[in-house]
Amino acid sequence: MSEYIVKYGDKWWHFFIKPFYGLCFRKKEGSRFSNFEVLLSDACDDFCVLSVENQIHLVCQDKNGSILYLVMQDEMWRKTVLLESKSGTVYPKHFTLISIGGFINLFYIIMYKEKYMLVHQIITMEDRPPTVVDRIENTIPPFLVAAHTGTDISILYENESGTVGTRLYRWSRKTFAGFIPVNPSAKCFVRAFRHELGGRVRYAGFLTVEGIQNLVYFEKNEAGEYTEPTTVYLDCSKEAAPVFCQDGERLYLVWQEAGGIMSSYSINDGKKWSKPIRYMIPAGAETVLYGISENGETRYVYGYAKEQELVLYATPDLSDTIARHEQREFRPEGYDVVEFATEQGGKLEEPPMQTINPFITQIKEELVKFKEQFIHLHMEIADLREKIEQVVEQQTIAGGEKVNIIPDTVPLAEEDAIDAVLLKNASVGIQNKEN
(Lines give C-alpha, C1' and ligand atoms only; values in the text may rest on other atoms or scores of the structure.)
Protein backbone atom coordinates (compact mmCIF):
# COMPACT_ATOMS: atom_id res chain seq x y z
CA MET A 1 0.00 0.00 0.00
CA SER A 2 1.40 3.39 -1.05
CA GLU A 3 0.70 6.81 0.42
CA TYR A 4 1.74 10.23 -0.84
CA ILE A 5 3.27 13.36 0.67
CA VAL A 6 3.05 16.38 -1.64
CA LYS A 7 4.20 19.97 -1.36
CA TYR A 8 1.51 22.60 -1.95
CA GLY A 9 2.37 26.21 -1.20
CA ASP A 10 4.46 26.20 1.96
CA LYS A 11 2.90 23.06 3.48
CA TRP A 12 3.17 19.32 3.06
CA TRP A 13 -0.05 17.37 2.48
CA HIS A 14 -0.31 13.70 3.39
CA PHE A 15 -2.77 11.58 1.35
CA PHE A 16 -3.83 8.13 2.51
CA ILE A 17 -6.70 5.66 2.69
CA LYS A 18 -8.36 5.35 6.10
CA PRO A 19 -10.71 2.41 6.70
CA PHE A 20 -14.40 3.38 6.88
CA TYR A 21 -13.57 6.95 5.75
CA GLY A 22 -12.02 6.54 2.27
CA LEU A 23 -9.38 8.80 0.72
CA CYS A 24 -8.21 11.34 3.31
CA PHE A 25 -5.57 14.03 3.68
CA ARG A 26 -3.96 16.06 6.44
CA LYS A 27 -1.59 19.03 6.43
CA LYS A 28 1.70 19.38 8.22
CA GLU A 29 1.55 22.16 10.80
CA GLY A 30 5.05 22.77 12.12
CA SER A 31 6.59 19.42 13.01
CA ARG A 32 3.27 17.54 13.26
CA PHE A 33 0.36 16.77 11.00
CA SER A 34 -3.11 18.16 11.71
CA ASN A 35 -6.35 16.17 12.00
CA PHE A 36 -7.44 14.54 8.76
CA GLU A 37 -10.24 15.48 6.37
CA VAL A 38 -12.14 13.16 4.02
CA LEU A 39 -11.62 13.94 0.33
CA LEU A 40 -13.43 11.03 -1.34
CA SER A 41 -15.38 8.52 0.71
CA ASP A 42 -15.90 5.96 -2.09
CA ALA A 43 -12.24 5.80 -3.23
CA CYS A 44 -10.42 2.46 -3.29
CA ASP A 45 -6.95 1.67 -1.98
CA ASP A 46 -5.29 2.45 -5.32
CA PHE A 47 -4.32 6.04 -6.09
CA CYS A 48 -1.48 8.38 -7.07
CA VAL A 49 -0.84 12.06 -6.26
CA LEU A 50 1.44 14.58 -7.99
CA SER A 51 2.24 18.17 -7.05
CA VAL A 52 3.00 20.54 -9.95
CA GLU A 53 3.47 24.26 -9.33
CA ASN A 54 0.21 25.57 -7.82
CA GLN A 55 -1.86 22.41 -8.36
CA ILE A 56 -2.30 18.96 -6.85
CA HIS A 57 -3.24 16.18 -9.29
CA LEU A 58 -4.77 12.94 -8.04
CA VAL A 59 -5.97 9.81 -9.83
CA CYS A 60 -7.88 6.97 -8.15
CA GLN A 61 -10.69 4.52 -8.77
CA ASP A 62 -14.04 4.36 -7.04
CA LYS A 63 -15.84 1.31 -5.70
CA ASN A 64 -17.30 0.64 -9.15
CA GLY A 65 -13.88 0.52 -10.82
CA SER A 66 -14.23 3.85 -12.67
CA ILE A 67 -11.07 5.97 -12.98
CA LEU A 68 -11.38 9.42 -11.40
CA TYR A 69 -9.14 12.44 -11.86
CA LEU A 70 -9.10 15.16 -9.19
CA VAL A 71 -7.24 18.45 -9.41
CA MET A 72 -6.93 21.09 -6.71
CA GLN A 73 -6.13 24.73 -7.33
CA ASP A 74 -6.64 27.55 -4.82
CA GLU A 75 -7.77 24.81 -2.39
CA MET A 76 -10.78 24.00 -4.58
CA TRP A 77 -11.14 20.39 -5.80
CA ARG A 78 -12.65 19.42 -9.15
CA LYS A 79 -13.40 15.83 -10.18
CA THR A 80 -13.52 14.29 -13.66
CA VAL A 81 -14.39 10.72 -14.67
CA LEU A 82 -11.59 9.66 -17.03
CA LEU A 83 -12.83 6.14 -17.70
CA GLU A 84 -16.16 4.80 -16.57
CA SER A 85 -16.29 1.09 -15.71
CA LYS A 86 -19.14 -0.79 -17.34
CA SER A 87 -18.45 -4.06 -15.50
CA GLY A 88 -18.20 -2.59 -11.99
CA THR A 89 -15.09 -4.70 -11.34
CA VAL A 90 -12.42 -3.31 -9.00
CA TYR A 91 -8.79 -4.46 -9.21
CA PRO A 92 -5.40 -2.71 -8.68
CA LYS A 93 -4.57 -0.48 -11.62
CA HIS A 94 -1.23 0.79 -10.21
CA PHE A 95 -1.68 4.45 -11.20
CA THR A 96 1.47 6.47 -11.89
CA LEU A 97 1.47 10.21 -12.62
CA ILE A 98 4.40 12.01 -14.19
CA SER A 99 4.77 15.58 -15.48
CA ILE A 100 6.48 15.83 -18.87
CA GLY A 101 6.29 18.42 -21.63
CA GLY A 102 3.99 20.64 -19.61
CA PHE A 103 1.36 17.88 -19.46
CA ILE A 104 0.26 15.36 -16.85
CA ASN A 105 0.94 11.82 -18.05
CA LEU A 106 -0.94 8.91 -16.51
CA PHE A 107 0.12 5.25 -16.69
CA TYR A 108 -1.97 2.34 -15.41
CA ILE A 109 -2.97 -1.22 -16.25
CA ILE A 110 -6.30 -2.44 -17.56
CA MET A 111 -7.55 -6.02 -17.53
CA TYR A 112 -9.17 -6.60 -20.91
CA LYS A 113 -10.21 -9.94 -22.37
CA GLU A 114 -8.26 -11.77 -19.63
CA LYS A 115 -5.07 -9.88 -20.52
CA TYR A 116 -3.25 -7.10 -18.65
CA MET A 117 -2.55 -4.06 -20.80
CA LEU A 118 -0.27 -1.16 -19.95
CA VAL A 119 -1.99 2.12 -20.79
CA HIS A 120 -0.70 5.65 -21.32
CA GLN A 121 -3.04 8.64 -21.16
CA ILE A 122 -2.32 12.35 -21.37
CA ILE A 123 -4.66 14.40 -19.19
CA THR A 124 -5.69 17.59 -20.98
CA MET A 125 -8.75 19.81 -21.14
CA GLU A 126 -9.74 17.91 -24.27
CA ASP A 127 -11.11 14.37 -24.21
CA ARG A 128 -8.03 12.40 -25.29
CA PRO A 129 -8.39 8.61 -25.30
CA PRO A 130 -5.78 6.32 -23.71
CA THR A 131 -3.18 4.46 -25.76
CA VAL A 132 -2.12 0.86 -25.15
CA VAL A 133 1.65 0.54 -24.68
CA ASP A 134 1.86 -3.25 -24.54
CA ARG A 135 0.45 -6.42 -22.99
CA ILE A 136 2.31 -7.15 -19.78
CA GLU A 137 2.67 -9.57 -16.88
CA ASN A 138 1.06 -8.45 -13.62
CA THR A 139 4.24 -8.55 -11.50
CA ILE A 140 5.18 -6.59 -8.34
CA PRO A 141 5.28 -3.81 -9.43
CA PRO A 142 3.82 -4.36 -12.92
CA PHE A 143 5.73 -1.41 -14.43
CA LEU A 144 8.08 1.46 -13.58
CA VAL A 145 8.24 4.93 -15.12
CA ALA A 146 11.16 7.37 -15.22
CA ALA A 147 11.48 10.83 -16.79
CA HIS A 148 14.49 11.86 -18.84
CA THR A 149 15.97 15.34 -18.94
CA GLY A 150 13.85 17.03 -21.57
CA THR A 151 10.60 15.47 -22.66
CA ASP A 152 11.16 11.72 -22.99
CA ILE A 153 9.68 9.01 -20.79
CA SER A 154 11.16 5.56 -20.20
CA ILE A 155 8.82 2.81 -19.04
CA LEU A 156 10.06 -0.56 -17.79
CA TYR A 157 7.93 -3.72 -17.58
CA GLU A 158 7.84 -7.46 -18.16
CA ASN A 159 6.03 -8.28 -21.39
CA GLU A 160 3.70 -11.25 -21.84
CA SER A 161 6.68 -13.32 -23.07
CA GLY A 162 8.36 -12.93 -19.66
CA THR A 163 11.11 -10.57 -20.84
CA VAL A 164 11.99 -7.43 -18.85
CA GLY A 165 12.70 -4.40 -20.97
CA THR A 166 11.93 -0.76 -21.68
CA ARG A 167 10.15 1.40 -24.22
CA LEU A 168 10.98 5.04 -24.74
CA TYR A 169 8.30 7.62 -25.43
CA ARG A 170 9.60 10.57 -27.44
CA TRP A 171 7.51 13.72 -27.28
CA SER A 172 9.00 15.08 -30.49
CA ARG A 173 7.58 12.08 -32.38
CA LYS A 174 4.66 11.43 -30.05
CA THR A 175 5.22 7.67 -30.28
CA PHE A 176 6.77 4.81 -28.32
CA ALA A 177 9.95 3.26 -29.62
CA GLY A 178 10.36 -0.50 -29.79
CA PHE A 179 10.75 -2.83 -26.82
CA ILE A 180 14.41 -3.22 -25.71
CA PRO A 181 15.33 -6.02 -23.23
CA VAL A 182 17.37 -4.97 -20.18
CA ASN A 183 20.68 -6.84 -19.77
CA PRO A 184 19.37 -10.02 -21.43
CA SER A 185 22.53 -12.03 -20.67
CA ALA A 186 22.09 -11.61 -16.89
CA LYS A 187 18.48 -12.90 -16.83
CA CYS A 188 17.70 -10.45 -14.05
CA PHE A 189 14.16 -9.35 -13.22
CA VAL A 190 14.49 -5.60 -12.70
CA ARG A 191 12.36 -4.06 -9.93
CA ALA A 192 13.88 -0.56 -9.70
CA PHE A 193 15.70 1.76 -12.09
CA ARG A 194 17.06 5.27 -11.96
CA HIS A 195 17.98 7.48 -14.94
CA GLU A 196 20.81 9.98 -14.63
CA LEU A 197 22.34 12.66 -16.82
CA GLY A 198 24.34 11.48 -19.80
CA GLY A 199 22.35 8.30 -20.37
CA ARG A 200 23.53 6.35 -17.33
CA VAL A 201 20.91 4.04 -15.81
CA ARG A 202 21.07 2.25 -12.44
CA TYR A 203 19.13 -0.99 -11.93
CA ALA A 204 18.16 -3.18 -8.98
CA GLY A 205 16.42 -6.50 -9.33
CA PHE A 206 16.25 -10.19 -8.53
CA LEU A 207 18.73 -12.76 -9.79
CA THR A 208 18.06 -16.42 -8.97
CA VAL A 209 21.15 -18.50 -8.24
CA GLU A 210 20.73 -22.21 -7.38
CA GLY A 211 17.09 -21.64 -6.52
CA ILE A 212 17.78 -18.66 -4.22
CA GLN A 213 16.52 -15.23 -5.20
CA ASN A 214 19.08 -12.49 -4.50
CA LEU A 215 18.78 -8.72 -4.67
CA VAL A 216 21.44 -7.40 -7.08
CA TYR A 217 22.61 -4.07 -8.48
CA PHE A 218 23.99 -3.29 -11.94
CA GLU A 219 24.04 -0.34 -14.32
CA LYS A 220 24.23 0.68 -17.95
CA ASN A 221 26.90 3.25 -18.77
CA GLU A 222 26.81 6.09 -21.27
CA ALA A 223 28.08 3.75 -24.00
CA GLY A 224 25.15 1.37 -23.47
CA GLU A 225 27.26 -1.37 -21.82
CA TYR A 226 26.01 -3.28 -18.76
CA THR A 227 28.11 -4.00 -15.69
CA GLU A 228 28.14 -7.36 -13.93
CA PRO A 229 25.44 -7.70 -11.24
CA THR A 230 26.64 -7.10 -7.66
CA THR A 231 24.84 -8.97 -4.87
CA VAL A 232 23.32 -6.63 -2.28
CA TYR A 233 21.23 -9.10 -0.24
CA LEU A 234 20.86 -12.89 -0.27
CA ASP A 235 17.57 -14.78 -0.25
CA CYS A 236 15.28 -11.83 -0.85
CA SER A 237 11.49 -12.17 -0.87
CA LYS A 238 9.44 -11.49 -4.01
CA GLU A 239 7.56 -8.72 -2.17
CA ALA A 240 10.77 -6.77 -1.44
CA ALA A 241 9.91 -3.91 -3.90
CA PRO A 242 13.32 -2.13 -3.74
CA VAL A 243 13.66 1.62 -4.37
CA PHE A 244 16.66 3.90 -4.92
CA CYS A 245 17.12 6.77 -2.47
CA GLN A 246 19.76 9.50 -2.37
CA ASP A 247 20.81 11.15 0.89
CA GLY A 248 23.85 13.34 0.44
CA GLU A 249 26.75 11.31 -0.96
CA ARG A 250 25.09 8.00 -0.10
CA LEU A 251 23.12 6.04 -2.66
CA TYR A 252 20.66 3.75 -0.88
CA LEU A 253 18.72 0.68 -1.85
CA VAL A 254 15.77 0.29 0.50
CA TRP A 255 13.26 -2.57 0.49
CA GLN A 256 10.74 -4.32 2.71
CA GLU A 257 11.37 -7.73 4.22
CA ALA A 258 8.95 -9.72 6.41
CA GLY A 259 6.98 -6.59 7.27
CA GLY A 260 10.10 -4.60 8.18
CA ILE A 261 12.42 -2.21 6.33
CA MET A 262 15.99 -2.98 5.23
CA SER A 263 18.62 -0.94 3.42
CA SER A 264 22.12 -0.98 2.02
CA TYR A 265 24.14 1.99 0.78
CA SER A 266 27.09 2.78 -1.43
CA ILE A 267 29.53 5.66 -1.05
CA ASN A 268 31.64 4.84 -4.13
CA ASP A 269 29.07 5.26 -6.87
CA GLY A 270 27.60 1.77 -6.68
CA LYS A 271 30.85 -0.19 -6.90
CA LYS A 272 30.50 -1.60 -3.38
CA TRP A 273 27.51 -1.91 -1.06
CA SER A 274 27.37 -1.96 2.73
CA LYS A 275 26.09 -4.84 4.79
CA PRO A 276 22.26 -4.62 4.86
CA ILE A 277 20.69 -3.38 8.08
CA ARG A 278 17.16 -3.75 9.41
CA TYR A 279 15.37 -0.74 10.89
CA MET A 280 13.49 -1.13 14.14
CA ILE A 281 9.77 -0.48 13.70
CA PRO A 282 7.41 -0.21 16.69
CA ALA A 283 4.97 -3.05 17.28
CA GLY A 284 1.72 -2.42 15.44
CA ALA A 285 3.27 0.01 12.95
CA GLU A 286 2.78 -0.76 9.26
CA THR A 287 5.54 -0.43 6.66
CA VAL A 288 4.47 2.09 4.01
CA LEU A 289 5.99 3.10 0.67
CA TYR A 290 5.64 6.89 0.49
CA GLY A 291 5.76 8.90 -2.72
CA ILE A 292 7.13 12.38 -1.99
CA SER A 293 6.15 14.86 -4.70
CA GLU A 294 7.29 18.44 -5.22
CA ASN A 295 7.79 20.60 -8.33
CA GLY A 296 6.53 17.78 -10.56
CA GLU A 297 9.22 15.38 -9.30
CA THR A 298 8.52 12.29 -7.18
CA ARG A 299 10.84 10.14 -5.10
CA TYR A 300 9.83 7.00 -3.21
CA VAL A 301 10.90 6.14 0.32
CA TYR A 302 9.92 3.66 3.03
CA GLY A 303 8.69 4.59 6.49
CA TYR A 304 5.76 4.37 8.88
CA ALA A 305 3.22 6.59 10.63
CA LYS A 306 3.68 7.51 14.30
CA GLU A 307 0.63 9.32 15.69
CA GLN A 308 0.82 12.83 14.14
CA GLU A 309 4.26 12.25 12.60
CA LEU A 310 5.84 10.25 9.77
CA VAL A 311 9.15 8.43 10.15
CA LEU A 312 11.05 8.16 6.84
CA TYR A 313 14.28 6.29 6.12
CA ALA A 314 17.28 6.95 3.84
CA THR A 315 15.98 10.27 2.55
CA PRO A 316 16.58 13.99 3.13
CA ASP A 317 14.25 15.89 5.42
CA LEU A 318 10.96 17.08 3.96
CA SER A 319 12.25 20.64 4.17
CA ASP A 320 14.83 19.88 1.45
CA THR A 321 13.49 20.91 -1.97
CA ILE A 322 13.54 18.45 -4.87
CA ALA A 323 15.38 19.79 -7.90
CA ARG A 324 13.22 20.36 -10.96
CA HIS A 325 14.65 19.40 -14.38
CA GLU A 326 14.16 21.81 -17.23
CA GLN A 327 11.69 20.60 -19.84
CA ARG A 328 10.73 21.74 -23.28
CA GLU A 329 7.03 21.82 -23.98
CA PHE A 330 5.42 20.02 -26.89
CA ARG A 331 1.76 20.00 -27.81
CA PRO A 332 0.71 16.40 -28.46
CA GLU A 333 -1.43 15.88 -31.52
CA GLY A 334 -3.58 12.84 -32.24
CA TYR A 335 -3.48 9.56 -30.37
CA ASP A 336 -4.79 6.20 -31.48
CA VAL A 337 -8.14 5.16 -30.05
CA VAL A 338 -7.95 1.58 -28.75
CA GLU A 339 -10.87 -0.78 -28.86
CA PHE A 340 -11.40 -1.02 -25.11
CA ALA A 341 -11.43 2.76 -24.70
CA THR A 342 -14.40 3.13 -27.03
CA GLU A 343 -16.28 0.53 -25.00
CA GLN A 344 -15.60 2.40 -21.75
CA GLY A 345 -17.03 5.73 -20.69
CA GLY A 346 -15.69 9.11 -21.67
CA LYS A 347 -14.54 12.15 -19.77
CA LEU A 348 -17.12 13.76 -17.48
CA GLU A 349 -16.34 16.82 -15.35
CA GLU A 350 -18.33 17.28 -12.17
CA PRO A 351 -19.03 20.38 -10.01
CA PRO A 352 -16.43 21.51 -7.41
CA MET A 353 -16.00 19.13 -4.48
CA GLN A 354 -16.23 19.84 -0.78
CA THR A 355 -14.01 18.04 1.70
CA ILE A 356 -15.46 16.58 4.87
CA ASN A 357 -14.19 17.21 8.38
CA PRO A 358 -15.04 13.98 10.26
CA PHE A 359 -15.13 15.75 13.64
CA ILE A 360 -17.68 18.33 12.45
CA THR A 361 -19.66 15.51 10.87
CA GLN A 362 -19.62 13.59 14.15
CA ILE A 363 -20.83 16.67 16.06
CA LYS A 364 -23.65 17.20 13.57
CA GLU A 365 -24.71 13.56 13.91
CA GLU A 366 -24.68 13.85 17.70
CA LEU A 367 -26.76 17.05 17.48
CA VAL A 368 -29.36 15.21 15.39
CA LYS A 369 -29.47 12.40 17.96
CA PHE A 370 -29.84 14.86 20.86
CA LYS A 371 -32.56 16.68 18.98
CA GLU A 372 -34.46 13.44 18.44
CA GLN A 373 -34.06 12.56 22.14
CA PHE A 374 -35.36 15.98 23.24
CA ILE A 375 -38.34 15.75 20.89
CA HIS A 376 -39.10 12.28 22.22
CA LEU A 377 -38.79 13.56 25.78
CA HIS A 378 -41.03 16.50 24.91
CA MET A 379 -43.70 14.10 23.68
CA GLU A 380 -43.37 11.90 26.78
CA ILE A 381 -43.72 14.91 29.12
CA ALA A 382 -46.75 16.15 27.19
CA ASP A 383 -48.30 12.69 27.42
CA LEU A 384 -47.50 12.48 31.13
CA ARG A 385 -48.99 15.95 31.72
CA GLU A 386 -52.18 14.91 29.96
CA LYS A 387 -52.47 11.78 32.12
CA ILE A 388 -51.87 13.77 35.33
CA GLU A 389 -54.48 16.32 34.31
CA GLN A 390 -56.92 13.48 33.79
CA VAL A 391 -56.16 12.15 37.29
CA VAL A 392 -56.61 15.64 38.78
CA GLU A 393 -59.87 16.05 36.93
CA GLN A 394 -61.13 12.73 38.29
CA GLN A 395 -60.08 13.70 41.83
CA THR A 396 -61.87 17.06 41.46
CA ILE A 397 -65.05 15.34 40.39
CA ALA A 398 -64.79 12.89 43.27
CA GLY A 399 -63.83 15.33 46.09
CA GLY A 400 -65.09 18.63 44.74
CA GLU A 401 -61.68 20.30 45.18
CA LYS A 402 -58.98 20.76 42.51
CA VAL A 403 -55.48 19.57 43.38
CA ASN A 404 -52.81 21.45 41.40
CA ILE A 405 -50.14 18.74 41.13
CA ILE A 406 -48.22 20.42 38.27
CA PRO A 407 -47.93 24.22 38.31
CA ASP A 408 -49.12 25.88 35.14
CA THR A 409 -45.97 28.02 35.08
CA VAL A 410 -43.63 25.09 34.25
CA PRO A 411 -42.58 25.65 30.56
CA LEU A 412 -41.85 22.78 28.18
CA ALA A 413 -38.80 23.11 25.89
CA GLU A 414 -39.62 24.06 22.36
CA GLU A 415 -37.80 22.56 19.33
CA ASP A 416 -36.29 25.89 18.22
CA ALA A 417 -34.93 26.55 21.71
CA ILE A 418 -33.37 23.08 21.78
CA ASP A 419 -31.58 23.71 18.46
CA ALA A 420 -30.23 27.03 19.70
CA VAL A 421 -28.85 25.52 22.91
CA LEU A 422 -27.25 22.55 21.12
CA LEU A 423 -25.62 24.69 18.44
CA LYS A 424 -24.27 27.11 21.07
CA ASN A 425 -22.75 24.23 23.08
CA ALA A 426 -21.31 22.67 19.93
CA SER A 427 -19.60 25.93 18.88
CA VAL A 428 -18.09 26.30 22.34
CA GLY A 429 -16.82 22.72 22.14
CA ILE A 430 -15.23 23.29 18.76
CA GLN A 431 -13.49 26.46 19.99
CA ASN A 432 -12.13 24.57 22.99
CA LYS A 433 -10.74 21.85 20.72
CA GLU A 434 -9.04 24.41 18.49
CA ASN A 435 -7.53 26.20 21.53
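As an exercise: evaluate Cys44 against (1) more than 11 Å from the chain's Cα centre (by Cα); (2) open to solvent by 10 Å² or more (accessible area, probe 1.4 Å) and give the number of the one condition it does not meet.
If we test Cys44 against (1) more than 11 Å from the chain's Cα centre (by Cα); (2) open to solvent by 10 Å² or more (accessible area, probe 1.4 Å), just (1) comes out false.
Identify, from the list Tyr69, Tyr91, the residue that is within 16 Å of the chain's Cα centre (by Cα) and either of a type in the set (A, V, I, L, M) or closer than 26 Å to Glu294 by Cα (or both). Step through it out loud before you land on a result.
Numbers: Tyr91 fails: either of a type in the set (A, V, I, L, M) or closer than 26 Å to Glu294 by Cα (or both).
Only one candidate qualifies: Tyr69.
Pairs under 6 Å by beta carbon, first residue under 14 Å from Tyr69 (Cα atoms) in the range 41-58, partner among the small types (Gly, Ala, Ser) and open to solvent by less than 60 Å² (accessible area, probe 1.4 Å), six or more apart or different chains?
Ala43/Gly22; Leu50/Ser293; Ser51/Ser293
Just name the residue that is nearest to Ile122 (Cα to Cα) out of those in the range 152-165 that are within 25 Å of the chain's Cα centre (by Cα) and β-branched (Val, Ile, Thr).
Residue satisfying both the conditions and the ranking: Ile153.
With Phe36, Phe107 as the choices, which residue is closer than 21 Å to Asp134 by Cα, in contact (Cβ under 8 Å) with a residue 24 or more places away in the chain, of a type outside the set (Val, Ile, Thr) and crowded, with 17+ Cβ neighbours inside 10 Å?
Working: Phe36 fails: closer than 21 Å to Asp134 by Cα.
Going through Phe36, Phe107 in turn, the sole match is Phe107.
Output the residue which, of all residues in the range 47-66 that are at pLDDT 95 or above and of a type in the set (A, V, I, L, M), is surrounded by the fewest Cβ atoms within 10 Å (Cβ to Cβ).
Ile56
Output the number of the condition that Leu70 fails; it satisfies all remaining conditions of (1) assigned to a strand (DSSP E or B); (2) open to solvent by 10 Å² or more (accessible area, probe 1.4 Å); (3) not hydroxyl-bearing (Ser, Thr, Tyr).
Unmet for Leu70, out of (1) assigned to a strand (DSSP E or B); (2) open to solvent by 10 Å² or more (accessible area, probe 1.4 Å); (3) not hydroxyl-bearing (Ser, Thr, Tyr): (2).
Would you pick out the residues in the range 128-181 that are open to solvent by less than 30 Å² (accessible area, probe 1.4 Å) and aliphatic (A, V, I, L, M)?
Listed by number, the residues that qualify are Val133, Ile136, Ala146, Ile153, Ile155, Leu156, Val164.
From the list Arg167, Arg202, Arg194, pick out the single residue that is more than 18 Å from Lys271 (Cβ to Cβ), part of a strand (DSSP E or B) and of a type in the set (Lys, Arg). Working first, answer last.
On the way: Arg202 fails: more than 18 Å from Lys271 (Cβ to Cβ); Arg194 fails: more than 18 Å from Lys271 (Cβ to Cβ).
Of the residues listed, the single one that is more than 18 Å from Lys271 (Cβ to Cβ), part of a strand (DSSP E or B) and of a type in the set (Lys, Arg) is Arg167.
Of the residues that sit in the range 9-33 and are open to solvent by less than 30 Å² (accessible area, probe 1.4 Å) and either in contact with a Ser or Thr (Cβ under 7 Å, 6 or more places away or on another chain) or not in a strand (DSSP E or B) (or both), which one is nearest to Ser293 (Cα to Cα)?
Step one: list which residues in the range 9-33 are open to solvent by less than 30 Å² (accessible area, probe 1.4 Å), which gives 12-16, 22-26, 33.
Retained after the next criterion (residues that are either in contact with a Ser or Thr (Cβ under 7 Å, 6 or more places away or on another chain) or not in a strand (DSSP E or B) (or both)): 22, 26.
Working: Gly22: 21, Arg26: 15 Å.
Looking at residues that are open to solvent by less than 30 Å² (accessible area, probe 1.4 Å) and either in contact with a Ser or Thr (Cβ under 7 Å, 6 or more places away or on another chain) or not in a strand (DSSP E or B) (or both), I get Arg26.
Give the range 266-285 a look and list any residue that's under 26 Å from Thr139 (Cβ atoms) and either in contact (Cβ under 8 Å) with a residue 24 or more places away in the chain or among the small types (Gly, Ala, Ser) (or both), or say none.
Hits for the range 266-285 are Ser266, Gly270, Trp273, Pro276, Tyr279.
State the number of residues belonging to the range 184-231 that are among the aliphatic types (A, V, I, L, M) and either open to solvent by less than 10 Å² (accessible area, probe 1.4 Å) or without any contact (Cβ under 8 Å) to a residue 12 or more places away in the chain (or both). Step through it out loud before you land on a result.
Within the range 184-231, the subset among the aliphatic types (A, V, I, L, M) is 186, 190, 192, 197, 201, 204, 207, 209, 212, 215-216, 223.
Add one more test, that the residue is either open to solvent by less than 10 Å² (accessible area, probe 1.4 Å) or without any contact (Cβ under 8 Å) to a residue 12 or more places away in the chain (or both), and what stays is 190, 192, 201, 204, 209, 215-216, 223.
Total meeting the criteria: 8.
What are the pairs, 6+ residues apart or on separate chains, where a residue within the range 248-261 that is free of Cβ contacts under 8 Å to residues at least 40 places away in the same chain and under 16 Å from Phe206 (Cβ atoms) has its Cβ under 8 Å from a residue that is open to solvent by 20 Å² or more (accessible area, probe 1.4 Å) and assigned to a strand (DSSP E or B)?
That search, which allows pairs on different chains as well, returns Glu257/Arg278.
The values are calculated or read from the model by the stated rules, or taken from the named source; none is laboratory data. All values derive from a computational prediction rather than experimental measurement. In this analysis, Cβ positions are derived from the backbone assuming ideal geometry, glycine residues included, and neighbour counts consider all displayed protein chains. Protein only, heavy atoms only, side chains kept; ligands, DNA and RNA dropped before computing areas. Shrake-Rupley method; radii C 1.70, N 1.55, O 1.52, S 1.80 Å.
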